[in-house]
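*Asks:* Okay, handing you the structure first.
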Amino acid sequence: MGEQVYFEDVREGEEIPQLKKNCSTQQLVLWAAGSGDFYQIHYDKDFAQRTGLKGLIVHGALKNAFLGQLLHDWVGEQGQIRRFGCSYRGMDEPDQDILCRGIVTKKRSEDGRHYVELDVWTENPDGKKTSPGTAIVTLPSRA
Amino acid sequence: MPDTETKFEITDEMRAQYGVDSAPWTYEVTTTSVRMYARGIGSDDPIHYDVEFAKAQGFRSIVAPLGYIGTPVYLPGKNDPTFGFPRREGGPRLNIPFRGLLDGGTETEYFDYICAGDVLAETSHLADLKYRETGRPMLFVTNESVYTNVATGKVVVKQRLTSIHM
Amino acid sequence: MADQNYFEDVAVGQKLPPLTIAPDKQQLVKFAAGSGDFNPLHFDENFPMLKPMGLSENIVHGRFKYAQVGRAVFAFAGYKGRVQRFGVSYRGMDPLNKEITVNGVVTAKRQEGGEHIVELDVWTENADGQKTTPGTAVVVLPSRE
């Protein structure tokens, strides 16, 4: 974890530090264990192909969790994630980079709290946005 | 086959490790973990899932299926990421020259039921070494783990695990 | 759950009802989740250790088979009985999607310190009838007295 980021330090349009993920099949099984989602398309290749998929795919909810981790790392101990979400538009595969990114879209202060809105998404190695989403966080102020 | 050129034998130094206890590690038994283990073995006995049912049968809470003795507390860097077991201080130090490893056997002795809500402290020590040279040389290493219920101070389970190195 | 066994009702030589399971990959992944053993040997068909071990497919965790023996022994003891100990040796590997059967037989009955004790041989058998996981168990049963 780096230093605490403050509301005053953030600029609209700025990109937050990226988080790179790469899921082994073991990671997908760990996620099944942690989430309770044992759907076979995430670890049983025969099953995945019988449903029409090319091969194993990463759970959408896991990518959502990665975006949560991206935000958690950025807001620091004094920041708070208020809400975040994404759509699962494209599929990601195991043993392939998944890049989690975010850009600040808006800053506002309201009722004594300092809000930062962001676009967040996961990107595959071809640069395609596989899970586009948004987030609202609060950050501490130096004031 | 052993990696070393010299013939392997069990030394007095190795035998001196018998009974040397590792530092303790905490194992947790929760309703969630008992249910997941029961699902994992394909059991649908309500005694492992339904707390009210288990209490009506006279148990403290849902009962761990046989073979489940809680989940070791996992700390990144301290536990093996694939198998989950804790790497810790104390305990036997054996330099085993064989690369092959197979699970030899498991034996569990129960002094009480394990139920959700239990917190156990486990220590392990080397219990036995056997080297068999007939056919393919194999070293049988047996470790014994003792599990104590933290709340009552009583030993609840002893488990002996044998691994085969060759 | 089957009826409760009482000490007076069981006889040496009596067989336990067989327990059969043919674990698919999903079952082994659930077992990984429950047991904490995430060795890819049991769910990744591309795991590099398969070939050196002479395996063409993923195999069942040894502890999974131990737990199946545990289910059978637990059912024999019933809620009013108590399992004192059970142990097995892992003699053979079992691939997934194949039937594994747990069988058992009562080998001895005795009373000790006011407890009614029953000893069993228990084991798992593969679809060819080979004993892959032989073992024993000691169970305390309630008495009708």
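The values are calculated or read from the model by the stated rules, or taken from the named source; none is laboratory data. Keep in mind the model is a prediction, meaning the values are calculated, not measured. Here the Cβ is made from the backbone with ideal geometry for all residues, glycine too, and neighbour counts use every protein chain on show.
*Asks:* Yes or no: region B:1-21 includes at least one residue that is within 13 Å of chain C (Cβ to nearest Cβ), aromatic (Phe, Trp, Tyr) and touching a residue at least 24 places away in the same chain (Cβ under 8 Å). Walk me through it before giving the result.
*Replies:* Filtering region B:1-21 down to residues within 13 Å of chain C (Cβ to nearest Cβ) leaves none.
Scanning region B:1-21, I find no residue that is within 13 Å of chain C (Cβ to nearest Cβ), aromatic (Phe, Trp, Tyr) and touching a residue at least 24 places away in the same chain (Cβ under 8 Å), so the answer is no.
*Asks:* Restricting the search to region B:47-59, which residues are part of a loop (DSSP other than H, G, I, E, B) and either touching a residue at least 12 places away in the same chain (Cβ under 8 Å) or closer than 19 Å to B:Leu120 by Cβ (or both)?
*Replies:* Across region B:47-59, the qualifying residues are B:Tyr49, B:Asp50, B:Phe59.
*Asks:* Here is a further query. Among C:Gln26, C:Gln84, which is closer than 28 Å to B:Tyr27 by Cβ, free of Cβ contacts under 8 Å to residues at least 12 places away in the same chain and surrounded by fewer than 20 Cβ atoms within 10 Å (Cβ to Cβ)?
*Replies:* Details: C:Gln84 fails: free of Cβ contacts under 8 Å to residues at least 12 places away in the same chain.
Going through C:Gln26, C:Gln84 in turn, the sole match is C:Gln26.
*Asks:* On to the next question. Out of the residues in region A:87-122 meeting the condition of being basic (Lys, Arg) and at pLDDT 95 or above, tell me which one is surrounded by the most Cβ atoms within 10 Å (Cβ to Cβ).
*Replies:* For region A:87-122, the residue satisfying everything is A:Arg101.
*Asks:* Name every residue in region B:37-48 that is of a type outside the set (Gly, Ala, Ser), more than 7 Å from every other protein chain (Cβ to nearest Cβ) and crowded, with 17+ Cβ neighbours inside 10 Å, in order of residue number.
*Replies:* Pass one, region B:37-48, residues of a type outside the set (Gly, Ala, Ser): B:37, B:39, B:41, B:44-48.
From what's left, more than 7 Å from every other protein chain (Cβ to nearest Cβ): B:44, B:46, B:48.
B:His48 - this is the single residue of region B:37-48 that is of a type outside the set (Gly, Ala, Ser), more than 7 Å from every other protein chain (Cβ to nearest Cβ) and crowded, with 17+ Cβ neighbours inside 10 Å.
*Asks:* For B:Thr32, only one of the following conditions fails: (1) within 11 Å of chain C (Cβ to nearest Cβ); (2) outside any helix (DSSP H, G or I); (3) free of Cβ contacts under 8 Å to residues at least 24 places away in the same chain; (4) farther than 18 Å from C:His61 by Cα. What is its number?
*Replies:* Tallying (1) within 11 Å of chain C (Cβ to nearest Cβ); (2) outside any helix (DSSP H, G or I); (3) free of Cβ contacts under 8 Å to residues at least 24 places away in the same chain; (4) farther than 18 Å from C:His61 by Cα, B:Thr32 fails exactly one: (2).
*Asks:* Separate question: Which ones in region C:68-95 are within 7 Å of another protein chain (Cβ to nearest Cβ), over 22 Å from B:Gln57 (Cα atoms) and aliphatic (A, V, I, L, M)?
*Replies:* Of everything in region C:68-95, just one residue is within 7 Å of another protein chain (Cβ to nearest Cβ), over 22 Å from B:Gln57 (Cα atoms) and aliphatic (A, V, I, L, M), namely C:Val88.
*Asks:* Just checking, which of A:Lys63, A:Lys20 is surrounded by 14 or more Cβ atoms within 10 Å (Cβ to Cβ), in contact with an Asp or Glu (Cβ under 7 Å, 6 or more places away or on another chain) and more than 14 Å from every other protein chain (Cβ to nearest Cβ)?
*Replies:* Numbers: A:Lys20 fails: surrounded by 14 or more Cβ atoms within 10 Å (Cβ to Cβ).
Sole residue among the options that is surrounded by 14 or more Cβ atoms within 10 Å (Cβ to Cβ), in contact with an Asp or Glu (Cβ under 7 Å, 6 or more places away or on another chain) and more than 14 Å from every other protein chain (Cβ to nearest Cβ): A:Lys63.
*Asks:* If you don't mind, another one. Please specify each residue of region C:32-59 satisfying the condition of being over 28 Å from B:Ala38 (Cβ atoms) and in a helix (DSSP H, G or I).
*Replies:* Residues satisfying the conditions are C:Lys51, C:Pro52, C:Met53.
*Asks:* Condition check: surrounded by fewer than 18 Cβ atoms within 10 Å (Cβ to Cβ) and either closer than 25 Å to A:Asp126 by Cα or without any contact (Cβ under 8 Å) to a residue 40 or more places away in the chain (or both). Does A:Phe84 satisfy that? Reasoning before the result, please.
*Replies:* Numbers: surrounded by fewer than 18 Cβ atoms within 10 Å (Cβ to Cβ): no; either closer than 25 Å to A:Asp126 by Cα or without any contact (Cβ under 8 Å) to a residue 40 or more places away in the chain (or both): yes.
No: the conditions fail for A:Phe84.
*Asks:* In addition: Just to verify a result, which residue in region C:38-63, among those that are within 7 Å of another protein chain (Cβ to nearest Cβ) and under 18 Å from the mean Cα position of the chain (by Cα), is farthest from B:Ala64 (Cα to Cα)?
*Replies:* So in region C:38-63, the residues within 7 Å of another protein chain (Cβ to nearest Cβ) come out as C:38-40, C:43-45, C:62-63.
Cutting the leftovers down to under 18 Å from the mean Cα position of the chain (by Cα) gives us C:62-63.
Numbers: C:Gly62: 19, C:Arg63: 15 Å.
Of everything passing the filter in region C:38-63, C:Gly62 is farthest from B:Ala64 (Cα to Cα).
*Asks:* Kindly check whether there is at least one residue in region C:92-102 that is among the aliphatic types (A, V, I, L, M), touching a residue at least 40 places away in the same chain (Cβ under 8 Å) and farther than 26 Å from B:Thr82 by Cα.
*Replies:* Yes, some residue in region C:92-102 is among the aliphatic types (A, V, I, L, M), touching a residue at least 40 places away in the same chain (Cβ under 8 Å) and farther than 26 Å from B:Thr82 by Cα.
Condition check ((1) part of a helix (DSSP H, G or I); (2) over 14 Å from the mean Cα position of the chain (by Cα); (3) closer than 24 Å to A:Arg142 by Cα) across all residues:
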position	(1), (2), (3)
A:Lys20	no, no, no
A:Leu28	yes, yes, no
A:Phe38	no, yes, no
A:Asp46	yes, yes, no
A:Leu56	no, yes, no
A:Ile81	no, no, yes
A:Pro94	no, yes, no
A:Thr105	no, yes, yes
A:Leu118	no, no, yes
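*Asks:* So B:Pro24 clears everything in (1) within 21 Å of C:Val69 (Cβ to Cβ); (2) of a type outside the set (Gly, Ala, Ser); (3) surrounded by 12 or more Cβ atoms within 10 Å (Cβ to Cβ) except one condition, right? Which one?
*Replies:* Failed condition: (1).
*Asks:* Can you report the number of residues in region B:129-166 which are at pLDDT below 95 and assigned to a loop (DSSP other than H, G, I, E, B)?
*Replies:* The total comes to 6.
*Asks:* Would it be correct to say that C:Val106 is surrounded by 19 or more Cβ atoms within 10 Å (Cβ to Cβ), within 12 Å of chain B (Cβ to nearest Cβ), touching a Lys or Arg at 6+ places or on another chain (Cβ under 9 Å) and modelled with pLDDT of 95 or more? If you could, list the steps in order and put the result at the bottom.
*Replies:* On the way: surrounded by 19 or more Cβ atoms within 10 Å (Cβ to Cβ): yes; within 12 Å of chain B (Cβ to nearest Cβ): no; touching a Lys or Arg at 6+ places or on another chain (Cβ under 9 Å): yes; modelled with pLDDT of 95 or more: yes.
When the stated conditions are applied, C:Val106 does not pass them.
*Asks:* If I go through region B:60-78 residue by residue, how many of them are assigned to a loop (DSSP other than H, G, I, E, B) and either surrounded by fewer than 16 Cβ atoms within 10 Å (Cβ to Cβ) or facing chain C (nearest Cβ under 8 Å) (or both)? Don't jump to the end; show me each part of the working.
*Replies:* Step one: list which residues in region B:60-78 are assigned to a loop (DSSP other than H, G, I, E, B), which gives B:60-62, B:64-70, B:73-78.
Now restrict to residues that are either surrounded by fewer than 16 Cβ atoms within 10 Å (Cβ to Cβ) or facing chain C (nearest Cβ under 8 Å) (or both): B:60, B:65-68, B:73-78.
Adding up the residues that qualify gives 11.
*Asks:* In addition: Out of everything in region C:29-57 that is touching a Lys or Arg at 6+ places or on another chain (Cβ under 8 Å) and either of a type in the set (D, E, K, R) or touching a residue at least 60 places away in the same chain (Cβ under 8 Å) (or both), what residue ends up being farthest from B:Gly67 (Cα to Cα)?
*Replies:* C:Glu45
*Asks:* Could you check B:Gly104 against (1) within 10 Å of chain C (Cβ to nearest Cβ); (2) at pLDDT below 95; (3) not in a strand (DSSP E or B) and say which number it fails?
*Replies:* Only one criterion in (1) within 10 Å of chain C (Cβ to nearest Cβ); (2) at pLDDT below 95; (3) not in a strand (DSSP E or B) is unmet by B:Gly104, namely (3).
*Asks:* Further, regarding this structure: Could you check region A:1-18 and list, in sequence order, the residues that are in a loop (DSSP other than H, G, I, E, B) and either of a type in the set (D, E, K, R) or touching a strand residue (DSSP E or B) at 6+ places or on another chain (Cβ under 8 Å) (or both)? Reasoning before the result, please.
*Replies:* So the first thing to find is which residues in region A:1-18 are in a loop (DSSP other than H, G, I, E, B), and the list is A:1-6, A:10-14, A:16-18.
Matches in region A:1-18: A:Glu3, A:Val10, A:Arg11, A:Glu12, A:Gly13, A:Glu14, A:Ile16, A:Gln18.
*Asks:* Looking at (1) within 29 Å of A:Gln26 (Cβ to Cβ); (2) loosely packed, with under 11 Cβ neighbours inside 10 Å, which one does B:Lys7 not meet, given that it meets all the others?
*Replies:* (1)
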